[in-house]
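Student: A single structure is presented below for examination.
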Amino acid sequence: MNRPLLIFSGQSNRPLAQAIAEALGLPLGKSTTQRFANDNLFVRFEESLREGDVFIVQSFTPPVQDHLMELLMMIDAAKGASAARVTAVIPYFSYARSDKKDAPRISITARLIADLLQTAGADRVLTMTLHSPQVHGFFKIPVDHLSAEPVIANYFATRVDLENAVVVAPDAGDLKRASSLARRLGLPLAFIDKERVSDTEVRVRMLVGEVEGKTALIVDDEISTAGSLVEAVEALMQAGAKEVYAAATHGVYVGPALERIANSPVKEVAATDTCPPKAGPKLKTLTVAPLFAEAIWRIHRGESVSSLFT
Ligand code: R5P
């Protein structure tokens with residue numbers, strides 16, 4: 001696109017936005033967000049956006065509703081300030097878990113958010129590892145859906161001895177992701193059948209696959225309360241796994257997550273910086289800033305992004 005490339009950030013994950021801008025050799029654009037006494041938000045761009053190709057980086061991390069609203073307001077303000085095109089860069093799209101009507105009288109909130117982003121004026125969306133890829137279909141505007149698989153594969157390949165390892169899907173939703181990672185690393189696959197008891201508790205029903213004496217590599221889309229993770233680690237250790245490592249795209253780490261991980265026999269837990277990293281003795285952060293920078297550069301230039309999807 002023959003327009004200036006402008007990168008801005010909401011409040012949710014400025015270090016990632018800064019790292020993306022640096023990888024592109026650009027300054028992060030200046031904007032202000034304020035909260036009035038009555039709790040209303042106020043956003044303002046502090047530089048001209050006229051005819052610009054604007055990318056606004058915002059993850060839906062807690063407080064999710066504030067960050068969503070701030071992004072909607074920034075998109076609206078950018079369109080009102082005559083940006084030529086506005087791309088919502090949403091490294092972590094949390095409401096993607098509300099993607100179906102699996103109980104009466106509930107909201108398919110992922111679709112609602114897609115509608116809100118389009119109503120605000122977003123021309124495109126760039127995101128990573130949606131909980132279920134079909135959320136992509138809730139949008140009528142173009143969506144580029146990146147995968148953290150290359151980053152996670154590189155982490156496992158450099159951190160553990162793959163000689164006697166097995167990739168583990170901690171639930172049915174992760175089976176495709178885990179199977180793809182297993183193929184990439186040339187490893188066998190195991191699978192856990194999990195039942196969600198409540199928002200924060202899960203129960204392992206069954207473990208399928210050979211893990212005895214092996215290094216188990218769990219791969220998940222997100223770690224929220226870490227209930228899924230620690231139950232999977234327990235089941236793997238009980239089945240005779242030698243050791244367990246885990247990696248997820250989104251390290252949200254809310255509620256009891258950090259304590260659960262600290263008390264679990266898991267060796268190390270890696271997550272990317274789509275959410276602001278948290279500190280902990282077993283936690284490791286992998287950066288996806290170069291991947292987002294490359295995608296933004298290609299979108300800006302009108303070049304293919306598909307090689308970055310896998
Ligand atoms: C669930 O379907 C996802 O793939 C994750 O396993 C889940 O969101 C993690 O949540 P928590 O850490 O609270 O168990």
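The values are calculated or read from the model by the stated rules, or taken from the named source; none is laboratory data. Keep in mind that what you see is a predicted model, and the values were worked out from it rather than measured. A quick note on method: Cβ atoms are made from the backbone with ideal geometry, for glycine too, and the neighbour counts reach across all protein chains shown. Surface accessibility is based on the protein's heavy atoms, side chains included, excluding ligands, DNA and RNA. Shrake-Rupley method; radii C 1.70, N 1.55, O 1.52, S 1.80 Å.
Student: Please determine whether any residue of the stretch 115-124 is within 13 Å of the chain's Cα centre (by Cα), free of Cβ contacts under 8 Å to residues at least 60 places away in the same chain and farther than 15 Å from V89 by Cβ.
Tutor: Within the stretch 115-124, the subset within 13 Å of the chain's Cα centre (by Cα) is none.
Within the stretch 115-124, not a single residue is within 13 Å of the chain's Cα centre (by Cα), free of Cβ contacts under 8 Å to residues at least 60 places away in the same chain and farther than 15 Å from V89 by Cβ.
Student: Which members of the stretch 263-294 meet the condition of being in contact with a Pro (Cβ under 8 Å, 6 or more places away or on another chain) and in a helix (DSSP H, G or I)?
Tutor: L291, F292
Student: What are the residues in the stretch 189-218 that are among the acidic types (D, E) and under 22 Å from the mean Cα position of the chain (by Cα), if any?
Tutor: Taking the stretch 189-218 as the starting set, the residues that turn out to be among the acidic types (D, E) are 193, 195, 199, 201, 210, 212.
D199, E201, listed by residue number.
Student: Separate question: Scan (1) open to solvent by 60 Å² or more (accessible area, probe 1.4 Å); (2) more than 10 Å from the ligand (Cβ to nearest atom); (3) assigned to a loop (DSSP other than H, G, I, E, B) for the single condition W297 breaks and write down its number.
Tutor: (3)
Student: Tally the residues that are among the polar types (S, T, N, Q) and within 19 Å of W297 (Cα to Cα), restricting the search to the stretch 105-148. Spell out how you get there, then give the answer.
Tutor: Quick first cut of the stretch 105-148, residues among the polar types (S, T, N, Q) only: 107, 109, 118-119, 127, 129, 132, 134, 147.
Within this subset, residues satisfying the condition of being within 19 Å of W297 (Cα to Cα) are 127, 147.
Summing the residues that are among the polar types (S, T, N, Q) and within 19 Å of W297 (Cα to Cα) in the stretch 105-148 gives 2.
Student: What residue, of D66, D102, is open to solvent by 20 Å² or more (accessible area, probe 1.4 Å), within 23 Å of Q18 (Cβ to Cβ) and of a type outside the set (V, I, T)? Outline the logic, then answer.
Tutor: Details: D102 fails: within 23 Å of Q18 (Cβ to Cβ).
Of D66, D102, the one residue that is open to solvent by 20 Å² or more (accessible area, probe 1.4 Å), within 23 Å of Q18 (Cβ to Cβ) and of a type outside the set (V, I, T) is D66.
Student: Right, another one. Against the condition over 18 Å from the mean Cα position of the chain (by Cα), open to solvent by 30 Å² or more (accessible area, probe 1.4 Å) and farther than 22 Å from G227 by Cα, how does E303 come out, does it pass?
Tutor: Numbers: over 18 Å from the mean Cα position of the chain (by Cα): yes; open to solvent by 30 Å² or more (accessible area, probe 1.4 Å): yes; farther than 22 Å from G227 by Cα: yes.
Yes: the conditions hold for E303.
Student: Within the stretch 272-291, is even one residue in contact with a Gly (Cβ under 6 Å, 6 or more places away or on another chain) and buried (at least 19 other Cβ atoms within 10 Å of the Cβ)? Show your work before the answer.
Tutor: Here is the first cut: in the stretch 272-291, the residues in contact with a Gly (Cβ under 6 Å, 6 or more places away or on another chain) are 275.
If we keep only those that are buried (at least 19 other Cβ atoms within 10 Å of the Cβ) as well, we get 275.
Yes; the residues of the stretch 272-291 include at least one that is in contact with a Gly (Cβ under 6 Å, 6 or more places away or on another chain) and buried (at least 19 other Cβ atoms within 10 Å of the Cβ).
Student: Right, here's the next one. Filter the stretch 69-99 for residues that are more than 16 Å from the ligand (Cβ to nearest atom), open to solvent by less than 30 Å² (accessible area, probe 1.4 Å) and polar (S, T, N, Q) and give the result.
Tutor: Correct list: T87 only.
Student: Do we have any residue at all in the stretch 52-74 that's more than 26 Å from T129 (Cα to Cα), of a type in the set (D, E, K, R) and either at pLDDT 95 or above or more than 23 Å from the chain's Cα centre (by Cα) (or both)? Give the steps one after another, and end with the answer.
Tutor: Step one: of the stretch 52-74, the residues more than 26 Å from T129 (Cα to Cα) are 52.
Narrowing the set further to residues that are of a type in the set (D, E, K, R) leaves none.
No, there is no match, as no residue in the stretch 52-74 is more than 26 Å from T129 (Cα to Cα), of a type in the set (D, E, K, R) and either at pLDDT 95 or above or more than 23 Å from the chain's Cα centre (by Cα) (or both).
Listed here are the residues, each with its yes/no results for (1) open to solvent by less than 60 Å² (accessible area, probe 1.4 Å); (2) of a type outside the set (S, T, N, Q); (3) touching a Gly at 6+ places or on another chain (Cβ under 6 Å); (4) more than 15 Å from L236 (Cα to Cα).
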| position | (1), (2), (3), (4) |
| --- | --- |
| E163 | no, yes, no, yes |
| A172 | no, yes, no, yes |
| S179 | yes, no, no, yes |
| R183 | no, yes, no, yes |
| D193 | yes, yes, no, no |
| S198 | yes, no, no, yes |
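Student: Within the set of pairs 6+ apart or on separate chains, which have a first residue in the stretch 39-55 that is within 19 Å of L24 (Cα to Cα) and of a type in the set (A, V, I, L, M), a second that is in a loop (DSSP other than H, G, I, E, B) and open to solvent by 30 Å² or more (accessible area, probe 1.4 Å), and C-beta atoms under 6 Å apart?
Tutor: Within 6 Å, the pairs are L49/A81.
Student: What's the number of the condition S306 fails, among (1) out of contact with any helix residue (DSSP H, G or I) (no Cβ under 7 Å at 6 or more places or on another chain); (2) in contact (Cβ under 8 Å) with a residue 24 or more places away in the chain?
Tutor: (2)
Student: Looking only at the stretch 230-243, decide whether some residue is polar (S, T, N, Q) and open to solvent by less than 40 Å² (accessible area, probe 1.4 Å). Can you show your working first?
Tutor: Narrowing the stretch 230-243 to residues polar (S, T, N, Q): 238.
This time we only want the ones that are open to solvent by less than 40 Å² (accessible area, probe 1.4 Å), so: none.
No, the conditions are met nowhere in the stretch 230-243.
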